[in-house]
Amino acid sequence: MIYLFLAMISSASMTLALRSGEKFSKSNYGILLGNYLLCTILAFLFLPEKVLFPAGSGTARLLGHIDGTVFLLGLILMQVNIRKSGAVLTAVFSRLGVMIPVIASILFLDETPRLVQLLGIALVVFAILIMNIRTSASLHNEEGTTPKTLLLLLLLFIVNGSGESMSKIVEQAVDRRFDGIFLLFTFSTAFFLSLLLYGVDRIRGGQRMSAAEFLVGIMIGIPNYFCSMMLLKAVTQLPAFLVYPSYSVGAILIVSLVSVLVLHDTMSRKQRTGCGIILLALVFLNI
């Protein structure tokens, strides 16, 4: 359970660091490159043996390449969907992706939640919806939700859900000795793909990244690495139907509490209701 709690704290720290660094963000790539570069360095430093291609690690390296590609694809899809459908629907479909590993673990891994835990999972979904959907008008962009935009939202749901599932896939398919190799290839793949996209964007006349946003990315890379590592450890010890919903909404709850108690933000009634539902969901999930 301690690993799950640490993963929540790390995820919340990423969100708060992103919020602090928003004013420095001028391009789409500075924060990404700084983040993935530091994650790659940390992943290498934490390798028990500094060997990049140990015998028997082929599956870990392959899954790392896939995970790094999914990471970046998910971010691109979020940007596209925000432009097409707005931030509200994008946030809903992105966060609901957590249900993919939950459903997959129940169907294929014989992880059977009790009735009260199923209620907790349902409350997680309800909390995500109530905290993101404000009014019926905010569900659509000015042109309305078309079949094309709905397809993009569903693609975001699938890609983010697949990315969330990767820790459980690694737990099932990879020897625990190669967890570090998986993380190293995940972050290095994401870094080099981000660097490639940045180069293409610069050739097309895109915005040059600044040193400040690159440093913000470095700052975000610390909790990002530990978030991935702790989540991987958590799914090794706990069932997916407990880990993923708790991790997703637990981080939201921590961010909300820090925003109110430390940053003196004001929560709306729906946000307060959502936090209450999250607390109840966490209790049910852990009974």
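For the set ASP67, ASP110, ASP201, solvent exposure ranked by accessible area (probe 1.4 Å, protein chains only) runs largest to smallest as ASP110, ASP201, ASP67. Surface listing: LYS168, LYS270 arranged by accessible area from highest to lowest gives LYS270, LYS168, probe 1.4 Å.
Computed over protein heavy atoms with a 1.4 angstrom probe, the accessible surface ordering of ARG269, ARG177, largest first, is ARG269, ARG177. Between the C-alpha center of the stretch 107-122 and that of the stretch 172-242 there is a gap of 29 Å. The residues of the chain expose, per residue, 50 Å² of accessible area to a 1.4 Å probe. For MET131, the solvent-accessible surface computed with a 1.4 Å probe is close to 40 Å², ligands and nucleic acids excluded. This model, with +1 at the C-beta of Lys and Arg and -1 at the C-beta of Asp and Glu, gives the chain a dipole about its Cα centre of some 520 debye.
Here MET1 sits with roughly 100 square angstrom of accessible surface, probe radius 1.4 Å. Only one residue of VAL51, ALA12, VAL283 has its Cα farthest out toward the positive end of the dipole of the chain, where Lys and Arg carry +1 and Asp and Glu -1 on Cβ, and that residue is ALA12. Out of the total accessible area of the stretch 94-135 (probe 1.4 Å, heavy atoms of protein only), what percent is carbon and sulfur? Carbon-and-sulfur percentage of accessible area, whole number: 71. Local charge for SER259 was computed over the other residues whose Cβ lies under 9 Å away, with Lys and Arg +1 and Asp and Glu -1, and equals 0.
Projecting the Cα atoms of MET229, LEU73, SER259 onto the dipole axis of the chain, where Lys and Arg carry +1 and Asp and Glu carry -1 at the beta carbon, places SER259 farthest toward the positive end. For GLU111, the solvent-accessible surface with a 1.4 Å probe is about 30 Å², rounded to the nearest 10.
The values are calculated or read from the model by the stated rules, or taken from the named source; none is laboratory data. Just so you know, these numbers come straight off a predicted model, no measurement behind them. So basically every Cβ, Gly included, is an ideal-geometry build from the backbone, and we count neighbours across all protein chains shown. Areas reflect the complete protein model, heavy atoms only, side chains present, ligands, DNA and RNA absent. Shrake-Rupley method; radii C 1.70, N 1.55, O 1.52, S 1.80 Å.
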